[in-house]
Amino acid sequence: MKEKLELVENSFRQALAVTSDTKGLEALKVKYLGKKGELSGFMRLLKDIPNDQKAAAGQMINRIKKSFQGQLDDRREELKKVEFEKQMDSEWIDITLDPLQTHAGSLHPVSLVQQRLERIFESMGFQVLDGPHIETEHYNFEALNVPAHHPARDMQDTFYFEDGHLLRTQTSTIQIHGMENLEPPIRIIGPGKVFRCERTDASHDSCFHQLEGMMIDKDISVSHLIHFMRTMLGEIFESDVKVRLRPGYFPFVEPGFELDISCLLCKGKGCSVCKKVGWIELLGCGMVHPNVLRAGNIDPSIYSGFAFGMGLDRLAMMKYGITDIRPLHGGNLNFMRRFATSS
Ligand code: FA5
């Protein structure tokens, strides 16, 4: 038996030396130490051995068993280390590299000021209305007290369709739609794109954005108008902004005003945006003309109201320090990314 066991020890040693992974080790363990393995076979032979040799033979088998187990354990540790290093090499990543850049996108600066204004006015009980970009002359001019012969039409030349429709020049059209569909008291705002046949410069574009506002109730006066304009500008700029109200002519209001703010780009010193005067016109406003109330089926002897129309692009320029209106509509993503975290 001794010789046979030495042969088993030799074959185990050789097999162990060429085993190169932990899977192979498991197979060796089964072959030599398993229930049906080589050493268990020797254990079964013990019963046929003379009694005086049994103890020594049993001890020998057990010693070999322990030795195999120990060698298997040591080899397993070695192989585990090698396998781990192999895995590290194959799955290596450089954690010092910049992560892949993903651009989440951001809102356009005009959308940012529009959404902010909507929240401000909604908190004061105003309803947000939408209106069509393509309008009839009735909604864009006539119902707003600008008949066909009126010289004010020249100030808002636009693009006409062959069937007489036109691209709206002002969001004031939303006033008329609002009055037709709602009963007083009315508090509405209407933001959106407007279009004009216009020569462009740092503060003028041929497609821009306005936000219209209108409040109709009994006993509405200029002081209501001033209160709402002050509240709105205070909320949007989150600071005290110098404001001036000067008389302005719009056929759909009487009296009418233009509201300027001190140019925030040059701090009132004069620049290309404010045309060197230090003030920039932000909105037109006034008390709704009785003819306009009538066009909206509202009795001017009972109700009065104010209305305003504000340029959102100019407001965004003042808020975010943008010195030219044209990049706002240019689609340059690098320019837009500047506002990725603005709110
Ligand atoms: C109007 O469009 C009137 N509908 C405003 C109004 C409404 C007055 C209700 C009274 C009552 P105006 O043409 O001034 O007015 O335009 C209003 C604002 O739009 C201007 O103050 C300015 O901020 C902006 N705006 C006008 N033209 C341009 C342009 N070409 N490019 C960019 N912004 C402009």
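Of note:
- For region 298-303, 3J(HN,Hα) per residue [Karplus equation, 6.51 cos²θ - 1.76 cosθ + 1.60, θ = phi - 60°, Hz, x = Gly/Pro]: 10, 7, x, 7, 9, 10
- The H on the amide N of Thr158, modeled in the peptide plane, is under 5 Å from the matching H of Cys197, each at least 5 residues off or on a different chain.
- Charge dipole magnitude, Cβ of K and R +1, D and E -1 - region 1-63, Cα centre, debye nearest 20: 220
- Converting phi to 3J(HN,Hα) with the Karplus coefficients 6.51, -1.76 and 1.60 and the offset θ = phi - 60°, region 189-206 yields 10, x, x, x, 7, 9, 9, 9, 7, 9, 7, 8, 8, 4, 10, 10, 9, 8 Hz in sequence order, with x at every glycine or proline.
- Per residue, the average separation of C-alpha pairs within less than 8 Å and at least 6 apart gives the chain a relative contact order of 16 percent.
- A run of the chain free of exposed loop cleavage sites, with chymotrypsin sites (Phe, Trp or Tyr not before Pro) counted only in DSSP states other than H, G, I, E and B and at most 16 other beta carbons within 10 Å, reaches its longest extent at 250-343.
- About the Cα centre, charge dipole magnitude for region 109-339 (Lys/Arg +1, Asp/Glu -1 at Cβ), debye: 1160
- At most 13 other Cβ within 10 Å, DSSP loop - GluC sites (Glu not before Pro), region 60-93: Glu91
- A simple rule links phi to the HN-Hα coupling: the Karplus curve 6.51 cos²θ - 1.76 cosθ + 1.60 with θ = phi - 60°, which for region 121-137 gives 6, 4, 5, 9, x, 8, 9, 8, 10, 10, x, x, 6, 9, 10, 8, 4 Hz, with x for Gly and Pro.
- More than 18 Å apart - percent of Cα-Cα pairs taken over region 2-90: 49
- Interchain or long-range residues, amide H under 5 Å from His209's placed H: Val194, Leu312, Asp313
- Site-free segments of the chain were taken between trypsin sites (Lys or Arg not before Pro) in DSSP loops having at most 16 other Cβ atoms within 10 Å, sites themselves excluded; the longest one is 37-198.
- Here the accessible area is traced with a 1.4 Å probe on the protein chains. For the chain, carbon and sulfur cover 53 percent of it.
- Cut-off under 5 Å, modelled amide H: who pairs with Phe257 long-range: Gly248, Cys285, Gly286
- Of the GluC sites (Glu not before Pro) in region 222-323, the ones in a loop by DSSP (not H, G, I, E or B) with at most 10 other beta carbons within 10 Å are Glu238.
- Furthest towards positive pole of dipole, Val253, Leu16, Val128, structure part the chain, Cβ charges: Leu16
- Rg over Rh [alpha-carbon atoms, Kirkwood Rh] for region 125-166: 1.05
- Taking region 2-90 and dividing mean pair separation by its residue count, relative contact order in percent (alpha carbons under 8 Å, at least six apart): 32
- Here the Kirkwood formula, the inverse mean of 1/r across different C-alpha pairs, assigns region 213-334 a hydrodynamic radius of 15.7 Å.
- Its residue count N sets the reference 2.2 N^0.38 Å, and the alpha-carbon radius of gyration of the chain equals 2.13 times that reference.
- Dividing the helix sum by the residues of the chain, where each DSSP H run of 4 or more adds -39500 (n - 2.57), gives a mean residue ellipticity at 222 nm of -13000 deg cm²/dmol.
The values are calculated or read from the model by the stated rules, or taken from the named source; none is laboratory data. Note that this is a predicted model, so its numbers are computed, not measured. Positions of Cβ are generated from backbone atoms using ideal geometry, with glycine treated the same way; all protein chains shown enter the neighbour counts. Just the protein is used for accessible areas: all its heavy atoms, side chains included, with ligands, DNA and RNA removed. Shrake-Rupley method; radii C 1.70, N 1.55, O 1.52, S 1.80 Å.
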